[in-house]
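What follows is calculated from the coordinates using simple rules that are stated; it is not laboratory data. On a predicted model such as this, the values are computed, not experimentally measured, just so you know. In this analysis, Cβ positions are derived from the backbone assuming ideal geometry, glycine residues included, and neighbour counts consider all displayed protein chains.
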Amino acid sequence: MKKKSVRTGGWHWPDMIVGLVAFPLLAYCLPPQDYVGAWRFWAPGFAVNTVILAAAWMGLRGSVTYATLVALVDLAIVARAPSVTWLSALPDALTYPGFAIVITAFLSYVRKVAATADRNTELAAHAMKVAEIERFRLTVHDATGILQLLSSTSTPSSQRPALMRQGTREARRLRAYLAEDYSAPLPSPQSLGEVIQNATEGFNDLPLCLCVELGSTVVLAPRVALGVGRALTTVLHNARRHAEAKTVFVHADCLDGRWELSVRDDGIGFDPSTASFGFGLGTQVIEALQRLEIDVTIDSAPGEGTAVVMVGSAS
C-alpha cells in the first residue's frame, strides 16, 4: 500500500492554479481601490496558503519558482491600485518567495529530524530483537544439550539419572522464563559456595572434585551470582560432552578482595589457537562474564586438559 502524505498526489494543482489566477480574476471584477485593504480582494491571503503548500510539496526550487510567479502577478495587479507604487508594492510581493524559502528550510529540518527518529526507532527495535534472541539462546543452550544427551542412544545409562534430574530443573527454569515477570525484584545476593552448589547439582556423573571452602563465603551480587552460575554450568556441560576427563576440579578462593573460581579437567584438551569457541564458551561464558566485569581465561592444550578461570571483585 502506497503511503499518503502532503507530498503525494495531484490534488495540490487546483489550489495552486487558483492562487495564481485569482489575482487577474478579482482585478477584473473589482475596482482598483479594493486591491489593497479590502476583504473582497482575497487573492493575496489565499496565495500565501498556496505558497506554503508548494513549499511542503515541491521543495526549495519548485516552491521558490511558484512563489516568484505569484509575486510577479501580485506586483502587476496591486501596483495598479491608487496611492500604491511599485516600490511600495515590492516588499509585499517579496514576502511570497521569502515564505517559500523559510518554510522549505523549516520543513527540511523537520523531515530530517523525523527521518533520524525513524532510523533510531528501527535501530532500537532491531537491538531489542537481537537482545531477546540472545537472551533466548542463553536460556535454552544448556537445556538443548541435556535433551541431546537424553535422546542419544550412545549416552551411558549411568548418566541418565543425573541428566533426568537436570532436565527436570531446566524444565522448571524454562517455564519460569516463559512466565517471567519483568517487574519482579532480583533475588537476594548469594555466596559463591551457594552458586557452586546450585550449578553442580545434577552433574553426579562427572568425576567432580570440589575444593571451594576458601572462597565459599564470598557474597556475590544477584546479577553476578546468576551469570557465574550459568557460566559454571555451561563449563561443566562442555566437560561432560567433550573432555573425556577422569577428574574435574572445581576450586574457589578469595584473596585481597578478589575471588577466583576455576574449573580444571585432565581430559583430552584442545588447541585454543586453532579452535573457535562456540556459543557456550564464547558467548555464555566469556562474553556474559566480561559484561559483568569478570575476567575469564581459558587455558588448554591437546592431551593436557582444560582450565577455565573466572576472577572478580568481592563485594
In debye to the nearest 20, how big a dipole does segment 237-302 give about its Cα centre with +1 on each Lys and Arg Cβ and -1 on each Asp and Glu Cβ? 280 debye
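So, by mean Cβ neighbours within 10 angstrom, what's the order for 30-36, 108-114, 67-73 with the highest one leading? The partial results should precede the final answer.
Numbers: 30-36: 15.6, 108-114: 10.7, 67-73: 21.0.
Highest-to-lowest ranking by the protection proxy: 67-73, 30-36, 108-114.
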To the nearest 10 degrees, the tilt of helix 12-29 (Cα long axis) against the first principal axis of the alpha carbons of the chain is 20 degrees
Find which of Ala243, Pro31, Ser188 sits farthest along the positive direction of the dipole of the chain, computed with +1 on the beta-carbon of Lys and Arg, -1 on that of Asp and Glu, about the Cα centre. Pro31
Compute, for segment 65-218, the length of the dipole vector about the Cα centre, with Cβ point charges of +1 (Lys, Arg) and -1 (Asp, Glu) only. Units Debye, rounded to 20. 320 debye
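Quote the relative contact order of the chain in percent (integer), defining contacts as alpha-carbon pairs under 8 Å separated by 6+ residues.
Details: 404 pairs, mean separation 34.4, N = 315.
Computed value for the chain: 11 percent relative contact order.
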Do you know the relative contact order of segment 28-166, to the nearest whole percent, from alpha carbon pairs under 8 angstrom that are 6+ apart? 21 percent
With all distinct Cα pairs included, what does the Kirkwood hydrodynamic radius of segment 226-275 come out to in Å, to one decimal, could you say? 12.3 Å
Protection-proxy order for peptides 267-279, 120-132, 39-51, 11-23, each taking the mean of Cβ atoms within 10 Å per residue, highest first: 39-51, 11-23, 267-279, 120-132
Between the Cα axis of helix 86-151 and the main Cα principal axis of the chain, the angle (0 to 90°, nearest 10) is 20 degrees
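If I take R0 = 22 Å and measure r between the Cβ atoms of Leu60 and Asp15 in this structure, what FRET efficiency does the formula 1/(1 + (r/R0)^6) give, to the nearest 0.05?
Details: r = 19 Å, r/R0 = 0.88.
Plugging the Cβ-Cβ distance into 1/(1 + (r/R0)^6) gives 0.70.
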Placing one identical point scatterer on every Cα of segment 83-151 and ignoring solvent, what is log10 I(q)/I(0) from the Debye formula at q = 0.20, 0.22 Å⁻¹? -0.89, -0.94
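Let me spell out the model: positive unit charges on the Cβ of Lys and Arg, negative unit charges on the Cβ of Asp and Glu, origin at the Cα centre of the chain. What dipole size does that give, in debye rounded to 20?
Values: 27 positive and 28 negative charges, 316 e Å.
Computed about the Cα centre, the dipole is about 1520 debye.
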Among Ser273, Gly202, Gly167, pick out the residue whose Cα is farthest towards the positive end of the charge dipole of the chain, where Lys and Arg carry +1 and Asp and Glu carry -1 on C-beta, about the Cα centre. Gly167
Could you tell me how many degrees, from 0 to 90 and to the nearest 10, lie between the Cα long axis of helix 222-238 and the main elongation axis, the longest principal axis, of the Cα atoms of the chain? 60 degrees
